[in-house]
Amino acid sequence: MVMRIVFTVAPILFGLDKFAGVLTDDWTRYLATEFNDVIPGSASDAMHLVGIVEIAAGLVVAVTPRFGGLLVAAWLGGIILSLLLVGGYGDIALRDFGLLAVAVALSRLASAQAGSRRLVPEA
């Protein structure tokens, strides 16, 4: 339950901050030019799109943690790749790798919990 709450609240807050700019003054510095080149608009526009996706991912975790955990893990994989391409953010990439592993664990736990419910006969 703790992982579900964290992976619901954190992506939503990070997504909202892409618009508010409270946690950092410039989210675009974490965006690799390779990603920015394929995303339409400016880097700022790209980060707003990132914010929308993060909010959606948090909501998916709240509703369906089996799928949402994998969605967040995949999203973190993209963030890790971007951080490594930008360079100089290996420490943040390593932290995000740990979060990716926990998001996969959330998905697996939610799947196991759903499977155990199916095995319990109804009264």
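Worth pointing out:
- Residue 85 being surrounded by fewer than 21 Cβ atoms within 10 Å (Cβ to Cβ), touching a residue at least 40 places away in the same chain (Cβ under 8 Å) and over 13 Å from the mean Cα position of the chain (by Cα): yes
- Any hit, the range 43-51, residues being closer than 21 Å to residue 4 by Cα and at pLDDT below 95: yes
- Residues within the range 78-97 that are in contact with a Phe, Trp or Tyr (Cβ under 9 Å, 6 or more places away or on another chain) and not polar (S, T, N, Q), tallied: 9
- When each of 50, 72, 61 is tested for being touching a Gly at 6+ places or on another chain (Cβ under 9 Å), buried (at least 18 other Cβ atoms within 10 Å of the Cβ) and over 23 Å from residue 105 (Cβ atoms), the lone residue that passes is 50.
- Cross-chain or 6+ apart pairs with Cβ under 9 Å, the range 44-67 first and free of Cβ contacts under 8 Å to residues at least 24 places away in the same chain and within 16 Å of residue 28 (Cβ to Cβ), then of a type in the set (Phe, Trp, Tyr) and part of a helix (DSSP H, G or I): 44/27; 46/35
The values are calculated or read from the model by the stated rules, or taken from the named source; none is laboratory data. These figures come from a predicted structure and were not determined experimentally. Neighbour counts are summed over all protein chains in view; Cβ atoms, including those assigned to glycine, are modelled from backbone coordinates with ideal geometry.
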